[in-house]
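Novice: I have a structure here, written as structure tokens, and I will follow up with some questions on it.
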Amino acid sequence: MLFSRTKTSLVSAQDALPGRPDYAYPVPSTHEVNGHRIVPAFPSGLASAVFGLGCFWGAEKTFWNTAGVYSTAVGYAGGHTPYPTYDEVCSGLTGHTEAVLVVFDPEQVTYAQLLSTFFESHDPTQGMRQGNDVGTQYRSAIYYADEAQREQAEAAKTAYSAKLASVGMGPATTEVAAAGPFYYAEDYHQQYLEKNPFGYCPDHGTGVSCPVGLFATTS
């Protein structure tokens, strides 16, 4: 069942689980590590980005440790089912990725720099998996907030694919799509590795750098 079609093929909107259209899981309003807000409203001048790069526990820690990041939260994005549970997402029947919401100060860290962190922190060539984690919820994904983010995301994917090819690896399979709803994951997932410092935290990075100068066009 690990490599079953349900786990590795994206479900259609027609076949996706119905979810809970009018229900949102209660989540803490503040970040376990830095005390900043993880839910709107955020201070003015900040921007947001949404990334999927495998298990969201380790991915979130990578971004909360990035200078210029105001706060992070984990959740589900890119699929069809409103307010899914973790088990539903893991079933492959929601279409969602395990995603990280990154709220950042563009004066301190650019979106291009976050894209570099994203690509260097996982293996974007693996399709519907990261290492031993198999399923559509582990796919590589960038969900852009506006046209400027889309242009940079596409350029970064192209540039990083070229770098991967130079060391004999395949191209990035990263999904680049407009950001839809971000459904916050259940309370216990938020900043999981701060609450559980010995928790599961695999590093699937390729070791191939992603220089910002190859693709950055705007901040």
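Novice: By the gyration tensor of its Cα atoms, with a ≥ b ≥ c the square roots of the eigenvalues, what is the shape of the range 7-128: rounded for a/c under 1.5, prolate for a/b over b/c, or oblate? If you can, show how the numbers build up before the last one.
Specialist: Values: a/c = 2.28, a/b = 1.41, b/c = 1.61.
Oblate.
Novice: Same structure, new question: Could you calculate, for the range 126-205, the ratio of the Cα radius of gyration to the Kirkwood radius, expressed as Rg to Rh?
Specialist: So for the range 126-205, dividing Rg by the Kirkwood Rh gives 1.02.
Novice: Ok, one more. Considering only protein heavy atoms, with the full assembly of protein chains and a 1.4 angstrom probe, order TYR188, TYR183, TYR160 by accessible area, largest first.
Specialist: TYR188, TYR183, TYR160
Novice: Identify the residues of the range 135-160 with backbone N under 16 Å of a label point that sits 7 angstrom from the Cα of SER9 along the Cα-to-Cβ direction, or state none.
Specialist: Under cut-off, by backbone N: 135-137.
Novice: At 0.36 nm per residue, minus the direct Cα-Cα distance, what do THR158 and GLU107 gain on full extension? Give it in nm, one decimal, please. It would help to have the intermediate numbers written out before the result.
Specialist: Values: separation 51, 0.36 × 51 = 18.36 nm, distance 2.55 nm.
Length gained between THR158 and GLU107: 15.8 nm.
Novice: Could you tell me which helices of the chain pass both thresholds, a Cα extent of 30 Å or more along their own axis and a mean Kyte-Doolittle hydropathy of at least 1.6, with helices taken as whole DSSP H runs?
Specialist: Membrane-span-like by this criterion, though nothing is claimed about a membrane: none.
Novice: Would you mind getting the accessible area per residue of the range 83-202, heavy atoms of the protein chains only, 1.4 Å probe, in Å²?
Specialist: Per residue, the range 83-202 has an accessible area of 39 Å².
Novice: Using the Karplus equation 6.51 cos²θ - 1.76 cosθ + 1.60 (θ = phi - 60°), what ³J(HN,Hα) coupling, rounded to whole Hz, does each residue of the range 199-208 give in order, writing x for Gly and Pro?
Specialist: After applying 6.51 cos²θ - 1.76 cosθ + 1.60, I find x, 4, 8, x, 10, 9, x, 7, x, 8 Hz.
Novice: Rg and Dmax of the range 94-169, Cα atoms, in Å?
Specialist: According to the Cα coordinates of the range 94-169, Rg and Dmax are 13.3, 37 Å.
Novice: Counting only the heavy atoms of the protein chains, how much of ASP203 is accessible to a 1.4 Å probe, in Å² to the nearest 10?
Specialist: 130
Novice: In deg cm²/dmol, rounded to 500, what helix-only [θ] at 222 nm does the chain give when every DSSP H run of at least 4 residues adds -39500 (n - 2.57) and the total is split over its residues?
Specialist: Working: 6 runs with 52 residues, N = 219.
Dividing the helical sum by the residues of the chain leaves -6500 deg cm²/dmol.
Novice: I've got another one for you. Using 0.36 nm per residue of separation minus the Cα-Cα distance, give me the extension gain between GLU151 and SER209 in nm, one decimal.
Specialist: 18.9 nm
Novice: Here's something else I'd like to know. Which parts of the range 118-160 would a label at MET169 reach, counting a residue when its backbone N lies under 15 Å from a point 7 Å out along Cα-to-Cβ?
Specialist: 118-132, 140-141, 156-160
Novice: Which whole-number percent is the relative contact order of the chain (Cα, under 8 Å, 6+ apart)?
Specialist: Normalised by residue count, the contact order of the chain is 28 percent.
Novice: For the range 1-121, which whole percent of the accessible surface, found with a 1.4 angstrom probe, sits on carbon and sulfur atoms? Intermediate values should be presented prior to the final figure.
Specialist: Numbers: 2710 of 5270 Å².
Here it works out to 51 percent.
Novice: In 5 Å bins starting at 0, how do the alpha-carbon pair distances of the range 73-200 split up by percent?
Specialist: Answer for the range 73-200: a P(r) of 2, 10, 18, 22, 22, 15, 9, 2, 0 percent.
Novice: Related question: What Kirkwood hydrodynamic radius, in Å, does the range 14-86 give when the mean of 1/r is taken over all pairs of distinct Cα atoms and then inverted?
Specialist: Working: mean 1/r = 0.0711 Å⁻¹.
One decimal place: 14.1 Å for the Kirkwood radius.
Novice: Still on this structure, I have one more. With Rg and the Kirkwood Rh both taken from Cα atoms, where does Rg over Rh land for the chain?
Specialist: 0.94
The values are calculated or read from the model by the stated rules, or taken from the named source; none is laboratory data. What you are looking at is a predicted structure, and each value in this text was computed from that prediction instead of being measured. Glycine also receives a Cβ, built like all others from the backbone with ideal geometry; neighbour counts cover every protein chain displayed. These accessible areas exclude ligands, DNA and RNA; they are computed on the full protein's heavy atoms, side chains included. Shrake-Rupley method; radii C 1.70, N 1.55, O 1.52, S 1.80 Å.
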